[in-house]
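The structure appears right after this line, and notes come after that.
The values are calculated or read from the model by the stated rules, or taken from the named source; none is laboratory data. It should be emphasised that the depicted structure is a prediction, and the values quoted were computed from it without experimental measurement. Neighbour counts are summed over all protein chains in view; Cβ atoms, including those assigned to glycine, are modelled from backbone coordinates with ideal geometry. Heads up: the accessible areas ignore ligands, DNA and RNA and are worked out on the full protein's heavy atoms, side chains in. Shrake-Rupley method; radii C 1.70, N 1.55, O 1.52, S 1.80 Å.
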Amino acid sequence: MVGTEKQQSGQRIMVQSVLTAIDILDCFARDEELGVSEIGRRLGVSKSTAYRLLVTLCCRGLTEKNPETNQYRLGLYMFELGQIAITRVKLRQAALPLLEELRRRTGSTVQLSTPDGIDVIFLERLQGSRGLGLLMPFGRRTPSHAASGGKAVAAFNPVLAEARRRAGFPKLTPLTTGSTQEFDRHLTATRSRGYASTFDEVAIGLSSVAAPIFDFNGDVHAALSLIDTTEEVRANLGRMALLTIEAARRLSRLSLPD
């Protein structure tokens, strides 16, 4: 009995160490470099624990120490793993020709996103010729209430919509959707017209339209967006919306079983 208890205790410690190591990696989603003391403070662990886990992560190339600053950052192996994960997303592979075609026809930035928790993550982005400096970094997540892709998915995904309501509506700009009532109005409009739109919600001067992509079960699992300057989107909203809906429907058909 005592041996079993010790074994279970050891397993709990091991699991906790793995979770803390993952939390360390998550710290670098916001900061390029961090010191041992700062990581320990954020995670509520001792400096020695943070250091021990960082050294282990460095041994596997998941983190590395910058010799010039003596601080830690993500290692190149993390980049390699991320690239492998992206290339194995079947939807992205199927979507690339359509994304290229849509960028060629509009000159706008084209983006494929998928929900994750209360946010959306960009699976692919083909840069257009305008407003590039305002775009969120590739691979980052954006709150679903601020992005047109997030609204397009949430309009047909009650689980995502309710999770966003519970989490609240942080402001990225003064024009970001900021309440349940406003959020719900956006979702109702999206269901009615088949596309979502945002104006200056992620960054002032940047706007977008998005349409949902359905899988073979009829569930929404991604969104296709056109992103451009606010001036460009306002001037061409009708055409951009139609092209986005058309491309999203074609991608939805690609999701049907053979």
Label point distance in nm, V55-Q16, each placed 7 Å from Cα along Cα→Cβ: 2.0 nm
Translational diffusion of the chain, µm² s⁻¹ [Kirkwood Rh, Cα pairs; Stokes-Einstein; 37 °C; 0.692 mPa s]: 162 µm²/s
Mean separation of Cα contacts under 8 Å, 6 or more apart, over the residue count of the chain: relative contact order %: 14 percent
Rounded FRET efficiency, nearest 0.05, which uses the C-beta distance separating D219 from R92 and R0 of 22 Å: 0.75
FRET efficiency estimate (nearest 0.05) - Cβ-Cβ, R140 to R185, R0 22 angstrom: 0.25
Residue-by-residue Karplus 3J(HN,Hα) for the stretch 218-231, coefficients 6.51, -1.76, 1.60, Hz, glycine and proline x: x, 8, 7, 10, 6, 8, 10, 10, 10, 10, 7, 5, 4, 4
Spacing of the two label points (7 Å from each Cα toward its C-beta) at R105 and E246, in nm: 0.3 nm
Extreme residue, positive dipole direction of the chain, given options G218, S197, V55 (C-beta unit charges): G218
Per residue accessible area in Å² of the stretch 190-258, where ligands, DNA and RNA are left out and the probe is 1.4 Å: 46 Å²
The stretch 134-258 - Rg over Rh from alpha carbon coordinates, Kirkwood radius: 0.96
222 nm mean residue ellipticity, helices alone, for the chain (DSSP H n ≥ 4; -39,500 (n - 2.57); rounded to 500): -16000 deg cm²/dmol
Pairwise centroid distance, computed over Cα atoms, of the stretch 137-172 with the stretch 212-233, Å: 13 Å
The stretch 197-253 - convex hull of the alpha-carbon atoms, volume per residue in Å³: 62 Å³
Simple label model, 7 Å out from Cα along Cβ direction - Q127 to S37, nm: 3.8 nm
Accessible heavy-atom area order of K90, K151, K65, K47, highest first, probe of 1.4 Å: K90, K47, K65, K151
